[in-house]
1. Percent relative contact order of the chain, based on C-alpha pairs within less than 8 angstrom and at least six residues apart?
2. Let a ≥ b ≥ c be the square roots of the eigenvalues of the Cα gyration tensor of region 69-143; is it rounded (a/c under 1.5), or, if not, prolate (a/b larger than b/c) or oblate?
3. Which whole-angstrom value gives the distance between the alpha carbon centres of region 1-61 and region 94-141?
4. Could you give the alpha-carbon Rg of region 10-133 over 2.2 N^0.38 Å, rounded to two decimals?
5. Per residue of region 122-133, what does 6.51 cos²θ - 1.76 cosθ + 1.60 with θ = phi - 60° give for ³J(HN,Hα)? Whole Hz please, x for Gly and Pro, Karplus curve as stated.
6. List the DSSP H helices in the chain whose Cα atoms stretch 24 Å or more along the helix axis and whose mean Kyte-Doolittle hydropathy is at least 0.5.
7. For region 28-94, just say rounded, prolate or oblate: build the C-alpha gyration tensor, square-root its eigenvalues into a ≥ b ≥ c, call rounded for a/c under 1.5, and beyond that prolate if a/b exceeds b/c, oblate if not.
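Read-outs: derived from the displayed coordinates by stated rules, not from any lab. Quantities reported herein were computed from a predicted structural model and do not represent experimental measurements.
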Amino acid sequence: MVDVGGRAVSDRVAVAEGFIQLSAEALALVVEGRAAKGDVLAVARVAAIQGAKRTWELIPLCHPLPLSGVSVAIEPVADGLRIEASARTTGVTGVEMEALTAVQVGLLTLYDMVKAVDPAMTIGPVRLLSKTGGRRGDWQRDD
């Protein structure tokens, strides 16, 4: 683990996004709330938040962080769904891994809940969109 003890405390926020491509039939079931396993979007949001909170248990050498907030939005796009997750803390290390993990866990939950209808779903890409705070300063994707 990297020693972060000498770093300054700062407000830190990271935002990540990811996509899942699925069939029109599966997308309609999710958006209309007709999936056999229930409210897919609500379950995926909760799973994403849980993923952010447990990142340090899943990713070796990640620091356990006191998250002050995690937000998750899921929206339909042309051929599937897009998840955006934001993680926030005040501390000495960033929350990029928490935002990225939230997105991945949310996407995996979406897949799990509709795989019986569309086992050919595709997950990706997943990427960091921005981060603020810390010694390296703010960063935002340009594309």
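1. Working: 302 pairs, mean separation 58.2, N = 143.
Dividing the mean separation by the residue count of the chain yields 41 percent.
2. Values: a/c = 2.98, a/b = 2.12, b/c = 1.40.
Note, shape of region 69-143 comes out prolate.
3. With region 1-61 and region 94-141 each reduced to a Cα centre, they are spaced 6 Å.
4. Values: Rg = 14.6 Å, N = 124, 2.2 N^0.38 = 13.7 Å.
For region 10-133, the normalised Cα radius of gyration comes out at 1.06.
5. Once θ is set to phi - 60°, the couplings for region 122-133 become 10, 9, x, x, 10, 7, 7, 9, 6, 8, 10, x Hz.
6. On the way: long enough: 96-114 (28 Å, 0.95).
Helices passing the filter in the chain: 96-114.
7. Prolate, since a/c reaches 1.5 and a/b exceeds b/c.
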